[in-house]
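Trainee: Here you go, one structure.
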Amino acid sequence: MRYLILIMKRSVLINLLVTFFVTISAATTQAQTITPDLDLTIFPPTAYLSIKPGTSLTHRMILKYEGAVRVKILPELVDFTTDGLTGTPVLQKPSQIEYIKLQNTDKQLGTPFILDPGSQVELVLAISPPLHAKQGEQPLSLVLTAVPDTTVVFDGGSAQASGAIASNVILSVQNDFDNRGELQIKEIQLPKFVDSFSSIKFEVLAKNIGRNGAAANGQIRLDHSWSGKELKHWYIYPDVVLASSTRQLRALTQDPDELDPAAEIIFEKLNYKPPFLIGPYEITVDLSSANQNNDSLHQRTQRIIAFPFSIIGLLLLGVVLYIIITKKNTALK
């Protein structure tokens, strides 16, 4: 049996893969308590697993229940995609993968089991892709839906409370364990013109054209074209972009490698607002992926022109008003 957790270059990525999907769509899979009686937690919230076809591995998760009533837990394996912007999972249909099962002798996918208050259980996924299994990255969620073992009565009425939690597994099935993620700049969302009294705001959308998830790496800078002066500089936060998906890049003013792991991460908006803007400005994005084999750099530059439209507008308005008043005065004479 072989079990391999894919290791990226940067040490910060290890924590990313653990916390990558802690925040899950609130309506369906976020670790949530619909009522105080349904208090579920699961660890790890996310794992990135890599396996060769024809081999096997197991993945262990701990489900804790601190609620006050006995509950039924329904385990289901569900495909997910990301929202294309924040990396938040969007649940799809139940997975059709047949080589992933619960190894627990008394539990199986699609069949409810009972949890008593204050208890915990280890759930073990057995993963055994056959030699002919489709290769690539497969984002999956083990969704655990909890309902009280008996009907809960509220205010004289009858209602069934429920809650759900999920542990995400990004499964890479391939013949080698090389990280083949490759990030490209899909779009710099920046207007062509801006008023001189406004600010320069923009977003950068990255796309992973590789076959594995990859962490973003690189820098963004803002220059004034006339003077050649660098006005602002950002570091790209190493968010993970899954294969064949997109994600908006987040920025820091500090190198991610120098962050204090215990400190709260403060993200910087891609925004520049001086007292007055004039002339052409350039946004340059240097993006690469934390890739074991290839650190290819993708660069894109986009220009925005600042012009005092508001001043020109006021002047034109003044001219129009002057003409109108002059004509009225002439007509009265």
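Trainee: Are any of the residues in the stretch 87-94 surrounded by 15 or more Cβ atoms within 10 Å (Cβ to Cβ), out of contact with any Ser or Thr (no Cβ under 9 Å at 6 or more places or on another chain) and not assigned by TED's automatic domain parsing to the domain that holds G213?
Mentor: Among the residues of the stretch 87-94, not one is surrounded by 15 or more Cβ atoms within 10 Å (Cβ to Cβ), out of contact with any Ser or Thr (no Cβ under 9 Å at 6 or more places or on another chain) and not assigned by TED's automatic domain parsing to the domain that holds G213, which makes the answer no.
Trainee: Something else: Do you know which of the residues in the stretch 205-246 that are free of Cβ contacts under 8 Å to residues at least 40 places away in the same chain and under 25 Å from A306 (Cα atoms) is surrounded by the most Cβ atoms within 10 Å (Cβ to Cβ)?
Mentor: It comes out as W234.
Trainee: Quick one: what pairs do we get from the stretch 68-79, first residue under 18 Å from L91 (Cα atoms) and in the same structural domain as L140 (by TED's automatic domain parsing), second of a type in the set (D, E, K, R) and not in a strand (DSSP E or B), C-beta under 9 Å, 6+ apart or different chains?
Mentor: Cβ pairs passing all conditions: P75/K107.
Trainee: May I pose another question? Yes or no: the stretch 272-284 includes at least one residue that is part of a loop (DSSP other than H, G, I, E, B), free of Cβ contacts under 8 Å to residues at least 12 places away in the same chain and closer than 27 Å to I170 by Cβ.
Mentor: No: the stretch 272-284 contains no residue that is part of a loop (DSSP other than H, G, I, E, B), free of Cβ contacts under 8 Å to residues at least 12 places away in the same chain and closer than 27 Å to I170 by Cβ.
Trainee: A further question follows. Taking L277, is it within 25 Å of T82 (Cβ to Cβ) and under 34 Å from the mean Cα position of the chain (by Cα)?
Mentor: So L277 fails the test.
Trainee: Let me ask you something else. Residues that are more than 19 Å from V143 (Cβ to Cβ), at pLDDT below 95 and in contact with a Lys or Arg (Cβ under 8 Å, 6 or more places away or on another chain): does the stretch 13-35 have at least one?
Mentor: No, the stretch 13-35 has no match at all.
Trainee: Please go through (1) modelled with pLDDT of 95 or more; (2) within 15 Å of the chain's Cα centre (by Cα) for G213 and return the number of the only condition it doesn't satisfy.
Mentor: Only one criterion is unmet by G213, namely (1).
Trainee: Now a separate question. Does R221 count as modelled with pLDDT of 95 or more, within 20 Å of the chain's Cα centre (by Cα) and over 19 Å from P139 (Cα atoms)?
Mentor: no
Trainee: Also: Got a sec? Which of P130, P117, P148 is out of contact with any Pro (no Cβ under 6 Å at 6 or more places or on another chain), in contact (Cβ under 8 Å) with a residue 40 or more places away in the chain and surrounded by 14 or more Cβ atoms within 10 Å (Cβ to Cβ)?
Mentor: Of the residues listed, the single one that is out of contact with any Pro (no Cβ under 6 Å at 6 or more places or on another chain), in contact (Cβ under 8 Å) with a residue 40 or more places away in the chain and surrounded by 14 or more Cβ atoms within 10 Å (Cβ to Cβ) is P148.
Trainee: Can you tell me how many residues in the stretch 183-196 are surrounded by 15 or more Cβ atoms within 10 Å (Cβ to Cβ) and either part of a loop (DSSP other than H, G, I, E, B) or in contact with a helix residue (DSSP H, G or I) (Cβ under 6 Å, 6 or more places away or on another chain) (or both)?
Mentor: Counting residues in the stretch 183-196 that are surrounded by 15 or more Cβ atoms within 10 Å (Cβ to Cβ) and either part of a loop (DSSP other than H, G, I, E, B) or in contact with a helix residue (DSSP H, G or I) (Cβ under 6 Å, 6 or more places away or on another chain) (or both) gives 3.
Trainee: Being of a type in the set (A, V, I, L, M), modelled with pLDDT of 95 or more, surrounded by 15 or more Cβ atoms within 10 Å (Cβ to Cβ) and touching a Gly at 6+ places or on another chain (Cβ under 6 Å) narrows it down to one of L270, L287, L252, so name that one.
Mentor: Matching residue, one of L270, L287, L252: L287.
Trainee: Kindly list the number of the only condition in (1) in a loop (DSSP other than H, G, I, E, B); (2) among the hydroxyl-bearing types (S, T, Y); (3) at pLDDT 95 or above that fails for Y235.
Mentor: Unmet condition: (1).
Trainee: How many residues are over 24 Å from the mean Cα position of the chain (by Cα) and modelled with pLDDT of 95 or more when one looks only at the stretch 172-199?
Mentor: 9
Trainee: Still on this structure, I have one more. Name the single residue, out of those in the stretch 80-112 being hydrophobic (A, V, I, L, M, F, W, C) and touching a residue at least 40 places away in the same chain (Cβ under 8 Å), that is farthest from S244 (Cα to Cα).
Mentor: So the residue we want is I100.
Trainee: Exactly one condition in (1) more than 23 Å from the chain's Cα centre (by Cα); (2) surrounded by 15 or more Cβ atoms within 10 Å (Cβ to Cβ); (3) among the aliphatic types (A, V, I, L, M) is false for I305; which is it?
Mentor: (2)
The values are calculated or read from the model by the stated rules, or taken from the named source; none is laboratory data. Only a predicted model underlies this, so the values are computations on that prediction, with no experimental measurement involved. Cβ: placed from backbone, ideal geometry, glycine included. Neighbour counts: every protein chain shown.
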